[in-house]
Each structure stands twice: as C-alpha cells, then as structure tokens.
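Trainee: What follows is a structure written as structure tokens; I'll ask about it next.
The values are calculated or read from the model by the stated rules, or taken from the named source; none is laboratory data. Quick caveat, the model's predicted, so the values are computed rather than measured. Ideal geometry is used to build each Cβ from the backbone, glycine not excepted, and the neighbour counts take in all protein chains shown.
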Amino acid sequence: MTVEQSKDPPNSTGPRKTLRIMVNALIVVCAFVGIGIFLVQLDTAMILSAFTTQSNLLCVAAAVLTLARGHDGGKTGGGYTLFKGMALTSILLTFVITALVLKPFFGGTATGTRVSALADNLLHVVVPLLMFADFVLFEEKGNIKAWHPASWAAFPLYYVGYTAVYRALGGVYRFGNDTAAKFPYFFFDYETYGAARVATWFLLIAIGFIGFSYALFGFDRALAACKKRKA
C-alpha cells in the first residue's frame, strides 16, 4: 500500500468530521425548533403548507442522510448529490425570497414577538447558511452533474402543485390575527393581481432559480478544478 492509498478520505476522521456532525445536527435542531415555535403560535395546516416549512424539512432529511452516510467524503453517489443540491437550492430560495421579496413587502414576522422572530431567523437565515456552509466546507466538489441544476426545480414545481391541491381541497392560510388567505404568498394570488402578473412573477422566480442553480454548479466545478491544481 502506497502513502497516497493509506490517506483517509476527506471528513472521515478528526476535527472535520466532528465539525460536520455539529453543522448537520444544528440544521436538524434549528429547523425543528423554528417549525415547532410556529406550530404553537399559528395554524398548523398553514405552517405545514408553507414553502419555508417544507424546504426546511427537506434540509432536515438531507442532514440526516449526511449523518447516516458517515461523512465518507468523496464517495458520494449521484442520487445523494442530486438530493443535497435540491435541498440546498430550495432553502436558499426560501432565504432569497424572504429577504428580497417578503420582508420588504410585509415586514416583521408572523406574530411580532421575540420568540416568533427567533423562529423566523432560524428557518429563513440560520438553516440556509448552515446548509451552504456544509456544501462549501465538506461536500466533495465536482460531483454535481450538468443536468442536476435543472432537476432541482422539481421541488419548487412540486410546491406549486401542492398549493393548488391544498386550495382545491378547501385549505386556507390562517395568520396570527385570525385572517384567512387563499394563497400562501402574494405572488400566488392571481385573483388579486391577475393571472398575467402572477405568471410573470413565477417566470422571474424560475429564471432566477435556474440561473442560481447553474451558478452553484459553476462554483462547484471551479472549486473542484482549484483542488485538482493544488493536488
């Protein structure tokens, strides 16, 4: 066995493995704490039907999968990489939409309390940043395929379908002030803003999502090339 062959794979032992365990455990804890707070404060059906909740639960599943795999570094299969990328881009969509669209449009948090502000920050800021940190610091680079970024749009598309079914079954979105809305976010509300404007918003979000996904793919390839040059 050569010296090169005896080297441990990335993240297999030592401080990096411990740090990755901590990061992924924090993803699970922060997501559950944030969702739990909102479940106590707000309508259960609304919270479980929010994209924020569902994208955070997707991240929980990705984090648990990472922990279960034992941090085997470069030994990452295509299905694992595809799933982790979908979770990462979906939670970053939550982060961006909240920061650039929902916060300026509505401001504040769902109930305006310190506890709800904590939940809001955990789900919209902390979990997205932890997921991105896990990708940058620990995932083996170069495993993302050229077709993965387009396929990551499956989760946002699923959510559009989920919302349509939820509304068709009579579901509403009840907020802390007891008001009920037919749509989870204003850019779904074709009754108020018209189908053309909603379609335009969806198109812009889709273009932004796919564009960002391919930028992440390019970033991954650049990091892989940089690592290869240093090897």
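Trainee: Which one of these does R167 not meet: (1) among the basic types (K, R); (2) closer than 20 Å to F186 by Cβ; (3) in a loop (DSSP other than H, G, I, E, B)?
Mentor: Result: R167 passes all but (3).
Trainee: Could you grab me the full set of residues in region 79-98 that are among the hydrophobic types (A, V, I, L, M, F, W, C), over 11 Å from the mean Cα position of the chain (by Cα) and more than 21 Å from F138 (Cα to Cα)?
Mentor: Selection gives I97 alone.
Trainee: Same structure again: Within region 130-152, track down each residue that is part of a helix (DSSP H, G or I) and surrounded by 15 or more Cβ atoms within 10 Å (Cβ to Cβ).
Mentor: Answer for region 130-152, where residues must be part of a helix (DSSP H, G or I) and surrounded by 15 or more Cβ atoms within 10 Å (Cβ to Cβ): L130, M131, F132, A133, D134, F135, F138, H148, P149.
Trainee: Let me ask something else. Select from region 147-177 the residues that are in contact with a Phe, Trp or Tyr (Cβ under 7 Å, 6 or more places away or on another chain) and among the hydrophobic types (A, V, I, L, M, F, W, C) and list them in ascending order.
Mentor: Result: A153, single match.
Trainee: Here's a follow-up. Answer with yes or no whether V160 is part of a helix (DSSP H, G or I), aliphatic (A, V, I, L, M) and within 22 Å of V198 (Cα to Cα).
Mentor: In short, yes.
Trainee: Under 6 Å by Cβ, and 6 or more places apart or on different chains, what pairs join a residue from region 201-225 that is under 27 Å from E140 (Cα atoms) with one that is of a type in the set (D, E, K, R)?
Mentor: Listed by first residue and then by second, the contacts come to D220/K141; L223/K141; A224/K141.
Trainee: In the set A63, A68, which member is at negative phi and at pLDDT below 95?
Mentor: Numbers: A63 fails: at pLDDT below 95.
Result: A68 is the single residue among A63, A68 that is at negative phi and at pLDDT below 95.
Trainee: Hey, another quick one. If the requirement is being in contact (Cβ under 8 Å) with a residue 40 or more places away in the chain and loosely packed, with under 15 Cβ neighbours inside 10 Å, which of these qualifies: A68, A45? Break it down stepwise before answering.
Mentor: Values: A68 fails: in contact (Cβ under 8 Å) with a residue 40 or more places away in the chain.
Result of the check over A68, A45: A45.
Trainee: Tell me yes or no: at least one residue of region 101-120 is closer than 28 Å to G211 by Cβ and either at pLDDT 95 or above or surrounded by 19 or more Cβ atoms within 10 Å (Cβ to Cβ) (or both). Steps first, answer last, please.
Mentor: Here is the first cut: in region 101-120, the residues closer than 28 Å to G211 by Cβ are 101-107, 120.
Keeping just the survivors that are either at pLDDT 95 or above or surrounded by 19 or more Cβ atoms within 10 Å (Cβ to Cβ) (or both) gives 120.
Scanning region 101-120, I find at least one residue that is closer than 28 Å to G211 by Cβ and either at pLDDT 95 or above or surrounded by 19 or more Cβ atoms within 10 Å (Cβ to Cβ) (or both), so the answer is yes.
Trainee: Identify, please: which residue in region 136-178 is touching a residue at least 60 places away in the same chain (Cβ under 8 Å) and aromatic (F, W, Y) and is, among those, nearest to I210 (Cα to Cα)?
Mentor: Within region 136-178, the match that is nearest to I210 (Cα to Cα) is W152.
Trainee: So is V172 surrounded by 15 or more Cβ atoms within 10 Å (Cβ to Cβ) and either touching a Cys at 6+ places or on another chain (Cβ under 7 Å) or of a type in the set (S, T, N, Q) (or both) or not? Explain how you work it out, then say what you get.
Mentor: Numbers: surrounded by 15 or more Cβ atoms within 10 Å (Cβ to Cβ): yes; either touching a Cys at 6+ places or on another chain (Cβ under 7 Å) or of a type in the set (S, T, N, Q) (or both): no.
No; evaluated as a whole, the condition is false for this residue.
Trainee: Of the residues that make up region 3-20, is at least one among the hydroxyl-bearing types (S, T, Y), closer than 27 Å to H124 by Cβ and modelled with pLDDT of 85 or more? Don't jump to the end; show me each part of the working.
Mentor: Step one: list which residues in region 3-20 are among the hydroxyl-bearing types (S, T, Y), which gives 6, 12-13, 18.
If we keep only those that are closer than 27 Å to H124 by Cβ too, we end up with none.
Checked against the condition, which is being among the hydroxyl-bearing types (S, T, Y), closer than 27 Å to H124 by Cβ and modelled with pLDDT of 85 or more, region 3-20 yields no hits at all.
Trainee: Hey, another quick one. Test K230 against the criterion of being modelled with pLDDT under 90 and touching an Asp or Glu at 6+ places or on another chain (Cβ under 9 Å), and give yes or no.
Mentor: Values: modelled with pLDDT under 90: yes; touching an Asp or Glu at 6+ places or on another chain (Cβ under 9 Å): no.
Judged against the criteria, K230 is not a match.
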